[in-house]
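Data first, discussion second: the structure below is written as structure tokens.
The values are calculated or read from the model by the stated rules, or taken from the named source; none is laboratory data. All of these numbers come straight from a predicted model, not from anything done at the bench. All Cβ positions, even for glycine, are placed from backbone atoms using ideal geometry, and neighbour counts span all protein chains on display. For accessibility, only protein heavy atoms count, side chains too; no ligands or nucleic acids. Shrake-Rupley method; radii C 1.70, N 1.55, O 1.52, S 1.80 Å.
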Amino acid sequence: MERRLTVGSLIKNKQRMEIAEFPSAMQSVIKIKQNNRPFQLLPISNELLLDIALKQGIPLDYKCRKGTCGRCAVEVLEGQNLLYPRTKRELEKSQNVNMRLACQARIK
């Protein structure tokens, strides 16, 4: 019996995607900071910033997922143009245009 390797069989941890696995020229990254810890994540269209971060193994702090507690607040260092405008909840939480609620910020 012939054994064939597929791309999926070569991935050791299928749940976690690492930025280093992707060529930087292939796609832009969003750089964020939470609690003085910088992170980079690959944008996925129409997904929430929090969901993408968690899927990519980025340990963001969060709680309510409704935009009321503000615990998931992140500072967007780079890639603000890849996000939709701030939501009403985000505007209520902070006047700083670089501060976003990861549970509310959606990727374009």
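Condition check ((1) aliphatic (A, V, I, L, M); (2) within 10 Å of L101 (Cα to Cα); (3) modelled with pLDDT of 95 or more) across all residues:
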{"position": "L42", "(1), (2), (3)": "yes, no, yes"}
{"position": "L48", "(1), (2), (3)": "yes, yes, yes"}
{"position": "G57", "(1), (2), (3)": "no, no, yes"}
{"position": "C72", "(1), (2), (3)": "no, yes, yes"}
{"position": "E78", "(1), (2), (3)": "no, no, yes"}
{"position": "L82", "(1), (2), (3)": "yes, no, yes"}
*Would you point out the residue of the range 92-108, among those that are part of a strand (DSSP E or B) and open to solvent by less than 30 Å² (accessible area, probe 1.4 Å), that is farthest from L48 (Cα to Cα)?*
R100
*Only one of these conditions is not met by R89: (1) closer than 14 Å to I107 by Cα; (2) open to solvent by 10 Å² or more (accessible area, probe 1.4 Å); (3) part of a helix (DSSP H, G or I). Which number is it?*
(1)
_Give all pairs with beta carbons closer than 7 Å in which a residue from the range 61-87 that is under 12 Å from L50 (Cα atoms) meets a residue that is surrounded by fewer than 15 Cβ atoms within 10 Å (Cβ to Cβ); count only pairs at least 6 apart in sequence or on separate chains._
D61/N35; K63/C69; G67/R89; R71/D61; R71/K63; C72/D61; V74/K33
